Amino acid sequence: MSVEVKTICCIGAGYVGGPTMAVIADKCKYLKVIVVDLNKDKIDSWNDEDLTKLPVYEPGLKDLIKRCRGKNLFFSTNIQQSIAQSDMVFISVNTPTKKRGLGAGEASDLKYIESSARSIAEFAVGHTIVVEKSTIPVKTAEVIKTILFSSQKGLENKPSKSFTVLSSPEFLAEGTAIDDLINPSRVLIGGESKDSINALVNIYKNWVSEEKIIKTNIWSSELSKLTANAFLAQRISSINSISALCEKTGADISEVAKAVGMDYRIGRHFLKSGPGFGGSCFKKDILNLVYICKLYGLNEVANYWQEVLKINHWQQNRLTNIIVKKLFGTVTNKKIGILGFAFKADTNDTRESPAINICSNLLLEGAKLSIYDPKVKFQEISDSLNDLNNAQDHTIKIKDSIFTASSFEQLANGSDAILILTEWVEFKNIDWVKISKLMRKPSWIFDCRDIIDVNHFGESDLNIWKLGFGSNMDNQK
Ligand code: NAD
Ligand code: UGA
């Protein structure tokens, strides 16, 4: 039996739900696409006439919204009505690490998944295909099914609703989300019902070739997503561990990464050394993998993946220590400029950004921070640092110790050091000779993203330290 899908709804208007549904709406003009969220402010921002106010910054997103919003793409807080009129409902809510209770600090908190499933169970009409888009622990579909199917009990005499559940995890990366969605490496669909799988395949087939659409059993699909993120994060920790060895031995990490990555069996992607991986997913997904492994008694496997996180944290602390040591062992009351606060370029997202740990370490050492990021607002920076400060029971007065700079000159003025933490393209064109004249001497640049070219420094008297470069010009000027 083929299932005709005319209206789809996505629960969760965040970094995944918003862009994913915008691309589906653009590629499938025959579909009505509704994105719902509990957060009214977020929905208002998605509906704002001023497209610079969209809650998510992604290259290409504004154009899509302009083309589709109000035509076949809608953002709403009316969850009941949106679910009721939909043939297919995507769950794209957040699945953060649990903060308290059983599995705290490791397991995923499934409360938003559960509440979404309960909303679908309550409001769905007729047959509804439910698609897990969120990243969830393997076996979560079981929970969703139990909630959905128990809502059918007692309705035997009037079968007004029925459900099938699919897993179709999302592989987009922030900053390239629109490109990733338009040209995905693969689309993964796990499930039992052939008709429901085909209904989702038919949507993707509008722009993705069928060879790229993988059909698996539901548990393989759920576990593949966690595994893919764990493997990507593992590569970053691997290269970051070698960056430290480069600094000791005179090797340069960019040369090593190139030489290693040219072996087609290894590949060149995800070998860029930096201040450690951030973002809302790698850490939480590995913690989740660790938790599941322990649950099944696979302690060696759990320990193996735990090390990927340990190296990530170590890299951030290692960087702070290097900076403090270079600045004569103390940064108390010194002004340090921070270039970039987002967890990577081309996003306004700061979740788990390495900048949070590194800035927090420097604040603990008594530094004053002048911060510039082209897309992150002061409030966001201050909130992220405050959250960590409170979580670690520190009493630094964040608002008195950080300020945002509106220009590179303002950031540099009187600074002892400038630290590059995000690889924004605009940082590549900074006039370092001009900047050096504004800084206090001796002045340091710490490039943690390998974006500055030391050949552009002319006669400036800047000391430059590049992460992973053993050939660093280490003689202090
Ligand atoms: P997000 O926090 O940006 O958005 C989630 C949204 O869901 C929030 O706006 C929240 O208000 C809403 N929500 C929560 N419970 C709800 C409910 N019951 N009803 C309606 N709305 C509800 O999260 P995100 O970054 O979009 O991630 C969503 C999921 O996708 C996560 O599981 C994540 O691991 C996964 N994922 C994220 C990315 C990424 O790049 N951010 C990529 C792939 C997969
Ligand atoms: C990552 C995955 O790449 C996506 O496939 C996945 O869908 C997503 O997580 C998710 O599940 O949320 P994302 O976190 O948005 O995407 O961005 P990445 O490009 O993976 O970068 C993650 C972090 O690793 C960033 O802090 C980035 O700077 C860092 N990174 C990345 C490196 O340090 N080196 C690299 O070579 C690549």
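Each reported figure results from applying straightforward, stated rules to the coordinates on display, with no laboratory input. This one's a predicted model, so the numbers in the text were calculated from it and none came from an experiment. Here Cβ is always computed from backbone atoms with ideal geometry, including for glycine, and neighbour counts include all displayed protein chains.
What to note about this one:
- For LYS111, the aspartates and glutamates whose Cα falls under 17 Å of its own Cα, not counting residues fewer than eight places away in the same chain, are ASP37, GLU122, GLU132, GLU142, ASP285.
- Those residues of the range 368-382 whose amide nitrogen sits under 20 Å from the label point placed on ASP48, 7 Å along Cα→Cβ: 373-382
- Net charge of neighbours whose Cβ lies under 9 Å from the Cβ of SER237, counting Lys and Arg as +1 and Asp and Glu as -1: +1
- Over 19 Å between alpha carbons, listed pairs LYS42/LYS375; LYS29/LYS66; LYS248/LYS437; LYS27/LYS66: LYS248/LYS437
- Within the range 209-311, chymotrypsin sites (Phe, Trp or Tyr not before Pro) in DSSP loop having at most 11 other beta-carbon neighbours inside 10 Å: TYR264, TYR296
- With Cα atoms, 0 to 90° folded angle of helix 111-123 axis to the chain main axis: 30 degrees
- Electrostatic dipole magnitude of the chain [Cβ: Lys, Arg +1; Asp, Glu -1; Cα centre; debye, to 20]: 320 debye
- Translational diffusion of the chain, estimated by Stokes-Einstein from the Kirkwood radius over alpha carbon pairs at 37 °C in a medium of 0.692 mPa s, is 136 µm² per second.
- Set of the range 444-473 residues, backbone N closer than 15 Å to the point 7 Å along the Cα-Cβ line of VAL260: 468-470
- Cα shape, the range 7-216, gyration tensor, a/c 1.5 rule: rounded
- Counting only DSSP beta bridges whose two residues both lie in the range 117-192, roughly 10 percent are antiparallel.
- In the range 364-441, trypsin sites (Lys or Arg not before Pro) in a DSSP loop with at most 11 other beta-carbon atoms within 10 Å: LYS397
- The GluC sites (Glu not before Pro) found in the range 37-145 that occupy coil by DSSP, while having at most 14 further C-beta atoms within 10 Å, are GLU49.
- Rel. contact order, % - alpha carbon contacts under 8 angstrom, at least six apart, the chain: 12 percent
- Crossing angle, helix 299-326 versus the chain [Cα axis fit, 0-90 degrees, rounded to tens]: 30 degrees
- Between 0 and 90°, nearest 10: helix 282-295 axis offset from the chain longest Cα axis: 60 degrees
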